[in-house]
Amino acid sequence: MPLLPRRFERLKAVLNRRMGDLSVLLEQVDKPHNLSAILRSCDAVGVLEAHVVSLPGRLPTLNCTAKGSEKWVPLHRHSSTPAVMRQLKDQGFRLFGTHLSVDAVDYRHCDYTGPSVFLLGAEKWGLSDEAIGLVDQAIVIPMVGMVQSLNVSVATAALLFEALRQREAAGLVPTQGEGIPAGRYDSLLFEWAYPQVAAWCQREGRPYPALDGEGAISEVLPRTVKLRY
Ligand code: SAM
C-alpha cells in the first residue's frame, strides 16, 4: 500500500521535533508495562532514542501500554551500566541519576537544556551504587506523601516533561529536524515511512531509495518487496 501524503507529512512533523540530545537510561527496569509507559512518554516528549541495561538473558519486553511507541523510539539494549554511561558521557551527555536520598537535588533546580540523559533505576532497588557513583548529578522528585517513591514510569514522565518545559522556555525545541544527528534525518524518515523496505535494504546491504516530495519511493523495487508501512 503506498504511503498517503498526509501520513508522510505527519511523520515529518514528528521527526522534525525529535531531540537526539535528550534520552533516558533505564537500569534493569524490566516490567513490560513500565518499559512500555516510558517509551510512550519518550515519544510524547520527542526523545529520539532510549537505552536500557538489562540483566543477562533477560530481553526487554513491552506490552500494549506502549501503544506502538516502540516503533518510533528505539530502545537500545546494553549489558553494562558503567560502559554505557561512559559512552554517553563521551558523546557529551550530562547524566542525571535519580536517587531517593537527601543529597540529591530537587529535579526542578537543574538545567536540562544541554545534552541530558536521565537514569532511572529498577522497580525494587533503584539505581545501583555503581551508577550513582558515575552520575554527574543526583536528582530527586520531592515527595510529600506517605509513600517513599513514584512508579518508575511516572518519575520518567515528570523528568522528561520538565526537560521539555525548560527547552520550550529557552526556544530550544527543534522544529525542522535540527535535533536529529547530522546525516541521519533522511534515513530515519525512510525507516519510519517504509520499515519493511528499510529492513529489506539492510538485509541486501543496499542504500535506501530516494523519496520524492510526497514520500513516494522514486525507484522501481522488486515486486516481492512489500511497500507496507
Ligand atoms: N526502593 C527504591 C529506591 O530506593 O530507589 C525505589 C525504586 S523506585 C520504585 C524505581 C525508580 O523510580 C527509581 O530508581 C527512580 O529512578 C524512580 N523514582 C521513583 N520515585 C522517584 C522520585 N521521587 N524521584 C526521582 N526518581 C524517582
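The values are calculated or read from the model by the stated rules, or taken from the named source; none is laboratory data. Remember, it's a predicted structure, so these values are computed and weren't measured experimentally. Using ideal geometry, Cβ is built from the backbone for each residue, glycine included, and neighbour counts are taken over all protein chains shown. When the accessible area is computed, the model is the full protein with side chains, heavy atoms only, and any ligands, DNA or RNA have been set aside. Shrake-Rupley method; radii C 1.70, N 1.55, O 1.52, S 1.80 Å.
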Exercise for the section: Would you point out the residue of the range 134-148, among those that are in contact with a strand residue (DSSP E or B) (Cβ under 8 Å, 6 or more places away or on another chain) and in a loop (DSSP other than H, G, I, E, B), that is surrounded by the fewest Cβ atoms within 10 Å (Cβ to Cβ)? Expected result: Pro142
Exercise for the section: Of all residues in the range 163-181, count the ones that are touching a helix residue (DSSP H, G or I) at 6+ places or on another chain (Cβ under 7 Å) and either within 9 Å of Arg17 (Cα to Cα) or open to solvent by 20 Å² or more (accessible area, probe 1.4 Å) (or both). Expected result: 6
Problem - Which numbered condition Ala131 misses (of (1) within 16 Å of the ligand (Cβ to nearest atom); (2) over 22 Å from the mean Cα position of the chain (by Cα); (3) assigned to a helix (DSSP H, G or I)) - result: (2)
Practice task
Tell me which residues, restricted to the range 9-44, are open to solvent by 10 Å² or more (accessible area, probe 1.4 Å) and either under 17 Å from Leu172 (Cα atoms) or of a type in the set (Phe, Trp, Tyr) (or both).
Solution key: Ala13, Val14, Asn16, Arg17, Gly20, Asp21, Ala44
Practice task
Tell me, please, whether a residue that is exposed (fewer than 12 other Cβ atoms within 10 Å of the Cβ) and at pLDDT below 95 can be found in the range 114-128.
Solution key: yes
Exercise for the section: Might you check whether a residue that is in contact (Cβ under 8 Å) with a residue 60 or more places away in the chain and open to solvent by less than 20 Å² (accessible area, probe 1.4 Å) occurs anywhere in the range 91-101? Expected result: yes
Handout entry: Per-region count, the range 63-114, residues closer than 16 Å to Cys42 by Cα, in contact with an Asp or Glu (Cβ under 8 Å, 6 or more places away or on another chain) and not aromatic (Phe, Trp, Tyr)
Key = 5
Practice task
Inspect all residues belonging to the range 51-60 and state whether any of them is assigned by TED's automatic domain parsing to the domain that holds Met143, in a strand (DSSP E or B) and open to solvent by 50 Å² or more (accessible area, probe 1.4 Å).
Solution key: no
